[in-house]
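Undergrad: One structure is given below, represented as C-alpha cells, and several questions about it will come after.
The values are calculated or read from the model by the stated rules, or taken from the named source; none is laboratory data. Just so we're clear, the structure is a prediction, and the values are computed from it rather than from any experiment. We place every Cβ from the backbone using ideal geometry, glycine too, and count neighbours over all the protein chains shown.
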C-alpha cells in the first residue's frame with residue numbers, strides 16, 4: 001500500500017500520510033510518496049486547494065527512528081549519503097507546498113512531532129483537533145531540525161519562543177499552539193475532517209489567481225523591504241484587476257450573488 005494516498009474531489013487534492021502503524025513516521029517510502037503527491041498537486045490545473053492529513057490516530061510522529069538506526073549501522077559514507085538523500089527529498093516536498101500557487105491546509109491530530117511540525121508549518125493554514133500535541137523533538141535525539149523548521153518557527157512564534165521549542169524539545173498542547181499562532185483553528189476531533197473539507201472547498205471555489213498572488217506576496221514579504229513590497233503589491237493588484245475573476249467578482253457583488261470563479 002502506498003505510504004501517501006492522493007485523491008482529488010471537487011478541485012481539492014487530499015494527501016494522506018499512510019503509515020498509521022508507525023505513527024506516519026518519515027522513511028524513504030513516505031517522503032518519496034509525499035514528493036510525488038505534492039508535485040502532482042502543484043502541477044494539476046484541476047486542483048485549486050490542497051489538504052495534508054494523517055491516517056490513523058496521529059498526523060506524524062517525525063522521522064522513522066528504526067530506519068535511522070539501520071543507517072547508523074552502515075559504513076559512515078553510506079549512512080551519510082542515505083540520510084542526505086532523504087533530507088533532500090524532504091526539503092523538495094516542503095518547497096512544493098510553499099511555492100505552489102494554491103492554498104495548502106494541514107489538518108492535524110494526535111502527534112505532530114519533528115518533521116510533522118515542520119510540515120504543518122509549511123502549510124498556509126492549519127486546523128488542529130483538540131487532542132493534538134506538538135514537539136519539535138530533534139534535540140531530544142541529538143539532531144538539529146529540518147524541513148524548514150528553523151526558518152518557519154521564528155517567523156511564526158518569535159525568536160525567543162522558537163529557541164525554547166527547538167532547544168528544549170518539550171511537548172506542548174493545542175491550546176499553547178493556538179496561543180503561539182502555530183495553528184489557525186482548534187476543533188473537536190470528530191469534526192476535523194468536516195471542518196477541513198469545508199475550508200478547503202471554500203478556498204477551491206475562490207478566486208484562484210488572486211489567492212495565488214496573495215500567498216506569494218505574503219511569503220516574499222519577509223525578505224522584502226517595505227518599498228519593494230509596495231511595488232510587488234502594485235504589480236499583483238494590476239494583474240488581478242486584468243484577470244477575468246475580477247470582472248466576475250464585481251458582477252457577483254452588484255448582482256448580489258456568489259461569484260463563480262475559475263472559468264478562465
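Undergrad: List pairs: first in the stretch 194-205 and surrounded by 22 or more Cβ atoms within 10 Å (Cβ to Cβ), second at pLDDT below 95, Cβ under 9 Å, 6+ apart or cross-chain?
TA: From residues that are surrounded by 22 or more Cβ atoms within 10 Å (Cβ to Cβ), the pairs are 200/10; 204/10; 204/262.
Undergrad: Looking at this structure, is residue 53 assigned by TED's automatic domain parsing to the domain that holds residue 27, modelled with pLDDT under 95 and more than 23 Å from residue 179 (Cβ to Cβ)? Reasoning before the result, please.
TA: Working: assigned by TED's automatic domain parsing to the domain that holds residue 27: yes; modelled with pLDDT under 95: no; more than 23 Å from residue 179 (Cβ to Cβ): yes.
Against the criterion (assigned by TED's automatic domain parsing to the domain that holds residue 27, modelled with pLDDT under 95 and more than 23 Å from residue 179 (Cβ to Cβ)), residue 53 does not qualify.
Undergrad: So, one more: Consider only pairs whose beta carbons are under 8 Å apart and that are at least six residues apart or on different chains; among these, list those whose first residue lies in the stretch 218-236 and is without any contact (Cβ under 8 Å) to a residue 24 or more places away in the chain and whose second residue is in a loop (DSSP other than H, G, I, E, B).
TA: Pairs that qualify, where the first residue is without any contact (Cβ under 8 Å) to a residue 24 or more places away in the chain and the partner is in a loop (DSSP other than H, G, I, E, B), are 232/224.
Undergrad: Sticking with this structure for a sec: Could you tell me whether residue 213 is at pLDDT 95 or above and farther than 21 Å from residue 48 by Cβ? Can you show your working first?
TA: Values: at pLDDT 95 or above: yes; farther than 21 Å from residue 48 by Cβ: no.
It is false that residue 213 is at pLDDT 95 or above and farther than 21 Å from residue 48 by Cβ.
Undergrad: Among the listed residues 190, 126, which satisfies the condition of being modelled with pLDDT of 95 or more, assigned to a helix (DSSP H, G or I) and either in the same structural domain as residue 57 (by TED's automatic domain parsing) or under 16 Å from the mean Cα position of the chain (by Cα) (or both)?
TA: Numbers: 126 fails: assigned to a helix (DSSP H, G or I).
After ruling out the rest, the residue left standing is 190.
Undergrad: Please give the number of the condition residue 46 fails out of (1) touching a residue at least 40 places away in the same chain (Cβ under 8 Å); (2) more than 14 Å from the chain's Cα centre (by Cα).
TA: (1)
Undergrad: When you scan the stretch 60-74, do you find a residue that is without any contact (Cβ under 8 Å) to a residue 40 or more places away in the chain, touching a helix residue (DSSP H, G or I) at 6+ places or on another chain (Cβ under 8 Å) and surrounded by 14 or more Cβ atoms within 10 Å (Cβ to Cβ), even just one?
TA: For the stretch 60-74, residues without any contact (Cβ under 8 Å) to a residue 40 or more places away in the chain, touching a helix residue (DSSP H, G or I) at 6+ places or on another chain (Cβ under 8 Å) and surrounded by 14 or more Cβ atoms within 10 Å (Cβ to Cβ): present.
Undergrad: Only one of 89, 46, 77 is outside any helix (DSSP H, G or I) and farther than 25 Å from residue 178 by Cα. Can you tell me which? Steps first, please.
TA: Values: 89 fails: outside any helix (DSSP H, G or I); 77 fails: outside any helix (DSSP H, G or I).
Being outside any helix (DSSP H, G or I) and farther than 25 Å from residue 178 by Cα holds for just one of 89, 46, 77, which is 46.
Results for (1) in contact with a helix residue (DSSP H, G or I) (Cβ under 8 Å, 6 or more places away or on another chain); (2) over 17 Å from residue 196 (Cα atoms); (3) exposed (fewer than 15 other Cβ atoms within 10 Å of the Cβ); (4) outside the structural domain of residue 166 (by TED's automatic domain parsing), shown as yes or no for each residue.
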residue	(1), (2), (3), (4)
29	no, yes, no, no
36	no, yes, no, no
42	yes, yes, no, no
46	no, yes, yes, no
84	no, yes, yes, no
92	yes, yes, yes, no
96	yes, yes, no, no
107	yes, no, no, no
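Undergrad: Among the numbered conditions (1) under 25 Å from residue 100 (Cβ atoms); (2) assigned by TED's automatic domain parsing to the domain that holds residue 14; (3) not in a loop (DSSP other than H, G, I, E, B), tell me where residue 246 comes up short.
TA: (2)
Undergrad: Could you check how many residues of the stretch 141-155 are outside any loop (DSSP other than H, G, I, E, B) and exposed (fewer than 15 other Cβ atoms within 10 Å of the Cβ)? Break it down into steps so the answer makes sense when it comes.
TA: Kept after step one, since they are outside any loop (DSSP other than H, G, I, E, B), are these residues of the stretch 141-155: 141, 149-155.
Imposing the further condition that a residue be exposed (fewer than 15 other Cβ atoms within 10 Å of the Cβ) reduces the set to 141, 155.
Of the residues in the stretch 141-155, 2 are outside any loop (DSSP other than H, G, I, E, B) and exposed (fewer than 15 other Cβ atoms within 10 Å of the Cβ).
Undergrad: Just a yes or no: is a residue in the stretch 217-225 over 27 Å from residue 122 (Cβ atoms) and either under 24 Å from the mean Cα position of the chain (by Cα) or part of a helix (DSSP H, G or I) (or both)? Before the answer, list the steps.
TA: Of the stretch 217-225, the ones over 27 Å from residue 122 (Cβ atoms) are none.
The answer is no, given that none of the residues of the stretch 217-225 is over 27 Å from residue 122 (Cβ atoms) and either under 24 Å from the mean Cα position of the chain (by Cα) or part of a helix (DSSP H, G or I) (or both).
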